[in-house]
Amino acid sequence: LDFDLEGIAMQFPTRYEESMNTLLQQESTRFQRLLAKIRSTLGQVKRALKGLVVMSGELEAMSNSIYSQKIPELWDNAYPSLKPLRSFFAEFLDKCKFLQDWIDSNTTPSSYWISCFFFPQAFLTGQLQNYARKHVLPVDTISFEFAVSQLHHSTITEGPGNGAYIYGLFLEGARYDLTVDSIVESHPKQLYTDCPTLHLVPKQDYVQPTENVYECPVYKTLARAGTLSTTGHSTNFVLFVMLPSNQDRRKWIKAGVALFTSLKY
């Protein structure tokens with residue numbers, strides 16, 4: 001498994017009217033860099049275990065991490081994850097497959113697995129840029145309206161005219177009931193539930209509603225904590241999503257209801 005970065009740049013060139021091409025190039029580069037790091041470090045550990053090279057402290061720590069099913073610190077360019085190593089690697093392969101399917105299809109996906117991206121904020125900004133450039137509007141006046149779709153992402157064959165369909169989020173502390181179109185209490189012993197497909201609808205000078213909605217934070221991992229990166233974005237927090245609610249929002253705030261791109265198993 002490898003990403004042909006030069007081929008991707010030729011197949012999906014940087015275009016003013018399509019920011020997703022730039023996103024695909026950036027994400028493919030990040031995944032290829034991580035793939036190379038995984039291959040090289042695993043090869044070094046294998047040779048060290050055979051006695052062909054010196055077992056350094058870093059390699060010993062990596063072998064111990066693999067034995068303990070933890071993500072090795074040597075993979076410092078990996079995306080944030082609380083999963084054990086087996087689950088992390090399975091998810092990593094799924095993410096690579098999503099990008100490869102995107103490349104093979106030679107067009108933008110009808111819906112996006114937002115959990116796939118190293119930097120989901122770039123995807124969100126790209127969607128706003130596409131809308132702003134299409135309609136010749138200042139990008140800083142564009143924001144998202146959030147619409148919960150009744151469609152499952154696997155049944156969506158064509159993307160919306162404006163914005164994008166996203167899936168792959170998990171809801172903690174509540175569940176979304178499509179029959180009443182609202183977040184409701186979780187079933188007993190159900191910690192996490194799948195969030196329905198969301199339609200991100202770009203609009204100019206959009207005023208977010210304040211009634212019958214819950215301003216739900218989206219995080220990358222269950223840790224809910226991060227640091228500011230060099231881009232000025234949090235390493236964990238992604239954005240707020242307005243979810244319809246037929247109950248007082250204070251109920252969901254006290255319950256700590258939030259959306260996550262990845263769980264810990």
Worksheet item: Which residue pairs have Cβ atoms under 7 Å apart, sit 6 or more places apart or on different chains, and have a first residue in the range 70-86 that is of a type in the set (S, T, N, Q) and a second that is at pLDDT 90 or above and not in a loop (DSSP other than H, G, I, E, B)?
Response: ASN77/ARG33; ASN77/LEU34; ASN77/LYS37; SER81/PHE88
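Can you pull out the residues in the range 135-165 that are β-branched (Val, Ile, Thr) and in a helix (DSSP H, G or I)? Before you say what the answer is, go through the steps one by one.
Going residue by residue through the range 135-165, those that are β-branched (Val, Ile, Thr) are 136, 139, 141-142, 148, 155-157.
Of everything in the range 135-165, those that are β-branched (Val, Ile, Thr) and in a helix (DSSP H, G or I) turn out to be VAL139, THR141, THR155.
Based on this model, can you work out whether ASN77 counts as open to solvent by 20 Å² or more (accessible area, probe 1.4 Å) and either assigned to a helix (DSSP H, G or I) or over 21 Å from SER40 (Cβ atoms) (or both)?
Numbers: open to solvent by 20 Å² or more (accessible area, probe 1.4 Å): yes; either assigned to a helix (DSSP H, G or I) or over 21 Å from SER40 (Cβ atoms) (or both): no.
For ASN77, the condition - open to solvent by 20 Å² or more (accessible area, probe 1.4 Å) and either assigned to a helix (DSSP H, G or I) or over 21 Å from SER40 (Cβ atoms) (or both) - is not met.
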Response to the item:
For the range 195-226, the count of residues that are open to solvent by less than 50 Å² (accessible area, probe 1.4 Å) and among the polar types (S, T, N, Q) equals 2
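Out of GLU211, GLU215, which single residue is part of a strand (DSSP E or B), more than 16 Å from the chain's Cα centre (by Cα) and either over 22 Å from LYS83 (Cα atoms) or hydrophobic (A, V, I, L, M, F, W, C) (or both)?
On the way: GLU211 fails: part of a strand (DSSP E or B).
Just one listed residue meets the conditions, GLU215.
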Practice prompt. Assess whether SER87 counts as being part of a helix (DSSP H, G or I), among the polar types (S, T, N, Q) and open to solvent by 30 Å² or more (accessible area, probe 1.4 Å).
Written response: yes
Discussion item. Let me spell it out: the conditions are (1) touching a Phe, Trp or Tyr at 6+ places or on another chain (Cβ under 8 Å); (2) open to solvent by less than 70 Å² (accessible area, probe 1.4 Å); (3) in a helix (DSSP H, G or I); (4) in contact (Cβ under 8 Å) with a residue 40 or more places away in the chain, and PHE98 meets all of them except one. Which number is the exception?
Written reply: (4)
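Would you check which residues across the range 135-173 are of a type in the set (A, V, I, L, M), buried (at least 18 other Cβ atoms within 10 Å of the Cβ) and under 20 Å from the mean Cα position of the chain (by Cα) and list them?
Hits for the range 135-173 are VAL148, ALA164, ILE166, LEU169, LEU171.
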Worksheet entry | Filter result for VAL213 (aliphatic (A, V, I, L, M) and farther than 30 Å from LEU137 by Cα) | no
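Take TYR112 and tell me if it is within 14 Å of the chain's Cα centre (by Cα), open to solvent by 30 Å² or more (accessible area, probe 1.4 Å) and among the hydroxyl-bearing types (Ser, Thr, Tyr). Walk me through it before giving the result.
On the way: within 14 Å of the chain's Cα centre (by Cα): yes; open to solvent by 30 Å² or more (accessible area, probe 1.4 Å): no; among the hydroxyl-bearing types (Ser, Thr, Tyr): yes.
Taking the combined requirement at face value, the residue does not satisfy it.
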Practice prompt. Hey, could you check the range 251-265 for residues that are out of contact with any Cys (no Cβ under 7 Å at 6 or more places or on another chain) and closer than 23 Å to TYR79 by Cβ and say which is most open to solvent (accessible area, probe 1.4 Å)?
Written response: TYR265
Item to complete: Take the range 8-47 and flag every residue that is part of a helix (DSSP H, G or I), open to solvent by less than 30 Å² (accessible area, probe 1.4 Å) and either in contact (Cβ under 8 Å) with a residue 60 or more places away in the chain or in contact with a Cys (Cβ under 9 Å, 6 or more places away or on another chain) (or both).
Response: ILE8, SER19, MET20, LEU23, LEU24, GLU27, SER28, PHE31, LEU35
Response to the item:
Those residues of the range 227-247 that are part of a loop (DSSP other than H, G, I, E, B), more than 19 Å from VAL148 (Cβ to Cβ) and either of a type in the set (Val, Ile, Thr) or open to solvent by 40 Å² or more (accessible area, probe 1.4 Å) (or both) come to a total of 7
Item to complete: Hey, can you tell me all the residues within the range 49-67 that are over 28 Å from PHE117 (Cβ atoms) and either among the hydroxyl-bearing types (Ser, Thr, Tyr) or assigned to a helix (DSSP H, G or I) (or both)?
Response: LEU49, LYS50, SER56, GLY57, GLU58, LEU59, GLU60, ALA61, SER63, ASN64, TYR67
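The values are calculated or read from the model by the stated rules, or taken from the named source; none is laboratory data. Only a predicted model underlies this, so the values are computations on that prediction, with no experimental measurement involved. When we count neighbours, we look across all protein chains shown, and the Cβ atoms used for this are built from the backbone with ideal geometry, even at glycine. Calculation scope for accessible area: heavy atoms of the full protein, side chains included, ligands and nucleic acids excluded. Shrake-Rupley method; radii C 1.70, N 1.55, O 1.52, S 1.80 Å.
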